[in-house]
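K.L.:
This is the structure, below, for whatever I ask next.
Laboratory data are not the source of any read-out in this text; all were calculated from the coordinates shown. Bear in mind the structure is a predicted one, so any value in this text is a computation, not a measurement. Reconstructed Cβ throughout: ideal geometry from the backbone, glycine too, with neighbour counts over all protein chains shown.
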Amino acid sequence: MGIQKDVRRAVKMVKDVVASRKAQRFLADTREPLPRNHFKIAVYFADGPVNMYQMRQWYKPLLTLAETWPVVVLSRTGGGSLKLMEESPLPVAHVRSVRDLEHVIHEQDIRIVFYVNQNPRNFQMMRYGRMWHVFINHGESDKMYMVTNQFKAYDYSLVAGQAALSRLNRVLWDYDFDKRAITIGRPQADHFSGPLPYTPDARQVVLYAPTWEGDRPAAAYGSVATHGVALVTALLKTGEHRVIYRPHPRSGVVDHEYDAANKRIIAAITAANAKDPAAQHIYDTGSELGWQLSAADVAIVDISAMVYDRLAAGKPLMVTRPVNPAALIDTSGYLSDCEWLDAATSSEIAEALDALANNRTAAARLDAWVQHYFGDTSPGTATARLHTAVASLMTEWDRHSAIHDGDGLFDLTESASIDSEA
């Protein structure tokens with residue numbers, strides 16, 4: 001089994017290298033210059049296509065910002081740049097080398113840089129001063145990823161609400177929360193809409209959105225192999241449910257059995273639709289995330305950002321309980337009070353959903369937790385808070401720029417000591 005995994009990993013590495021080289025050649029031939037001295041905000045993305053979900057959720061909120069402060073995406077990998085250029089509504093600059101990055105920085109008026117993840121290559125961008133480096137993350141959750149000391153590396157962090165502040169306060173020593181952590185709610189929730197890929201009817205719509213299997217036991221939150229096959233199979237049989245299956249893009253990249261379970265679910269949905277075309281079950285791999293969260297009557301999710309995306313929608317949900325005893329669960333927040341789904345009872349999901357629909361106590365608990373995590377979720381409120389936060393940072397930039405106006409400027413783009421091909 002170990003040898004098979006090594007062979008698959010080696011084949012994947014070769015394919016990735018070939019694809020990357022092809023992408024670099026294409027991008028070198030098609031690169032167009034950006035308008036000079038135009039962009040005020042940059043979004044730095046050092047990952048490839050597999051992590052594009054981290055960018056997609058920010059497209060619409062960033063577009064609203066770009067109406068006031070022009071935004072450009074700085075993409076470091078060939079595959080990531082190609083995908084971004086294909087789908088991003090924002091301008092994209094492919095900056096493969098540090099020299100490319102320095103060229104863009106030298107020609108633009110970047111005052112704020114956003115980071116959606118903790119890629120180690122973020123530090124190649126963070127060495128530039130005279131701009132605010134702001135961590136915006138790619139979701140709100142109680143995963144251990146959300147309490148990393150890496151938050152301290154950024155000038156500021158935009159966080160969802162009181163739950164995030166409380167979570168970070170338990171682990172970050174000597175951190176100025178009042179200044180450096182800015183609560184904005186979940187601006188993505190203001191865009192949870194879109195055309196439905198099915199015709200609504202009397203069926204209860206169930207969104208099942210599991211995460212991937214994780215790369216270590218402490219992060220083994222994925223439920224596809226433990227819960228997923230049983231619960232989807234059960235729902236497909238009732239004739240009273242419509243399943244929207246939206247697996248994590250990385251599902252199966254580490255565990256072959258997890259990949260096989262994912263494929264079984266996809267095949268079961270295809271077979272169910274062939275048997276009953278009116279069912280219109282959905283296997284969802286689309287880049288848009290929003291309509292699923294607002295359209296589903298109930299959501300079943302793993303411990304991941306999807307829990308909190310659904311919370312931001314303020315609608316019923318259940319969380320799968322990890323089978324691996326080493327999986328870390330933060331029980332100080334919503335997960336201490338959520339509706340759990342155990343693997344052993346996954347096949348009884350229809351009965352569990354009926355009980356949840358009639359549970360007024362659970363509905364009241366849900367409303368309280370929505371407020372704790374996101375504050376006021378009235379339409380447009382989070383977007384307004386995002387714009388207020390950015391306006392404040394821009395004002396602070398102007399203030400510091402005036403203070404340091406007479407300082408000598410060491411231009412990193414002119415420094416011969418920096419490895420320009422890193």
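K.L.:
To the nearest 20 Debye, how big is the dipole of region 94-213 about its Cα centre, given +1 on the beta carbon of each Lys and Arg and -1 on that of each Asp and Glu?
P.N.:
Dipole magnitude for region 94-213 comes out near 240 debye.
K.L.:
Right, another one. Of 228, 182, 154, which is farthest along the charge dipole of the chain in the positive direction, counting Lys and Arg as +1 and Asp and Glu as -1 at C-beta?
P.N.:
228
K.L.:
Compute, for region 204-374, the length of the dipole vector about the Cα centre, with Cβ point charges of +1 (Lys, Arg) and -1 (Asp, Glu) only. Units Debye, rounded to 20.
P.N.:
On the way: 13 positive and 20 negative charges, 41 e Å.
Taking the Cα centre of region 204-374 as origin, the dipole is about 200 debye.
K.L.:
List the residues, sorted by chain then number, that are 5 or more residues from residue 183 or on another chain and whose placed amide H is less than 5 Å from its amide H.
P.N.:
Amide H neighbours of residue 183, under 5 Å, 5+ apart: 159.
K.L.:
Mind jotting down the distance between the C-alpha centroids of region 189-241 and region 269-340, whole Å?
P.N.:
Taking the Cα centre of each part, region 269-340 and region 189-241 sit 5 Å apart.
K.L.:
Given charges of +1 on the Cβ of Lys and Arg and -1 on the Cβ of Asp and Glu, with all other atoms neutral, how large is the dipole of the chain about its Cα centre, in debye to the nearest 20?
P.N.:
760 debye
K.L.:
Next question, about the same structure. Under the 0.36 nm per residue contour assumption, what length would be gained going from the current alpha-carbon distance of residue 68 and residue 169 to full extension?
P.N.:
The residue 68-residue 169 span can extend by a further 33.1 nm.
K.L.:
Scan around residue 43 for amide H atoms under 5 Å from its own, H built in the peptide plane at 1.01 Å from N, and keep only partners 5 or more places away or cross-chain.
P.N.:
The answer is 72, 73, 74, 114.
K.L.:
Separate question: Given H placed on each backbone N at 1.01 Å, which residues far from residue 300 in sequence or on other chains put an amide H within less than 5 Å of it?
P.N.:
Answer set, sorted by chain and number: 207, 208, 209, 318.
K.L.:
Now, a different point. What distance in nm lies between label points placed 7 Å from Cα along the C-beta direction at residue 238 and residue 407?
P.N.:
Those two pseudo-labels are separated by 6.1 nm.
K.L.:
Something else: Spelling out what I want: for every residue of region 325-330, take phi, set θ = phi - 60°, compute 6.51 cos²θ - 1.76 cosθ + 1.60 (Karplus), and round to whole Hz; glycine and proline get x.
P.N.:
In residue order, the calculated couplings are x, 7, 5, 7, 10, 7 Hz.
K.L.:
All other residues with a Cβ under 9 Å from the Cβ of residue 350 taken together, and with Lys, Arg as +1 and Asp, Glu as -1, what is their net charge?
P.N.:
-3
K.L.:
Explain nothing, just compute: Karplus ³J(HN,Hα) = 6.51 cos²θ - 1.76 cosθ + 1.60, θ = phi - 60°, for every residue of region 112-125 in order, whole Hz, x for Gly and Pro.
P.N.:
Each residue of region 112-125 in turn: 9, 10, 9, 10, 9, 8, 10, 4, x, 6, 4, 5, 6, 8 Hz.
K.L.:
Oh, and also: Just one of (i) 72, 55, 43; (ii) 62, 53, 39; (iii) 71, 48, 41 is Cα extents along the principal axes in Å calculated from these coordinates, so which is it?
P.N.:
(iii)
K.L.:
Okay, next question. Using r as the Cβ-Cβ distance of residue 126 and residue 285, and R0 as 35 Å, what FRET efficiency do you calculate, to the nearest 0.05?
P.N.:
0.60
K.L.:
Here's a follow-up. Apply the membrane-span-like helix rule to the chain: whole DSSP H runs, Cα extent along the own long axis of at least 24 Å, mean Kyte-Doolittle hydropathy at least -1.0. List the helices found. Don't skip to the end; give the middle numbers.
P.N.:
Working: long enough: 2-30 (42 Å, -0.41); 256-275 (29 Å, -0.27); 381-403 (33 Å, -0.02).
Flagged H segments are 2-30, 256-275, 381-403.
K.L.:
Given only helices, namely DSSP H runs of n ≥ 4 each adding -39500 (n - 2.57), what is the per-residue ellipticity at 222 nm of the chain, to the nearest 500 deg cm²/dmol?
P.N.:
So the helix-based figure for the chain works out to -12000 deg cm²/dmol.
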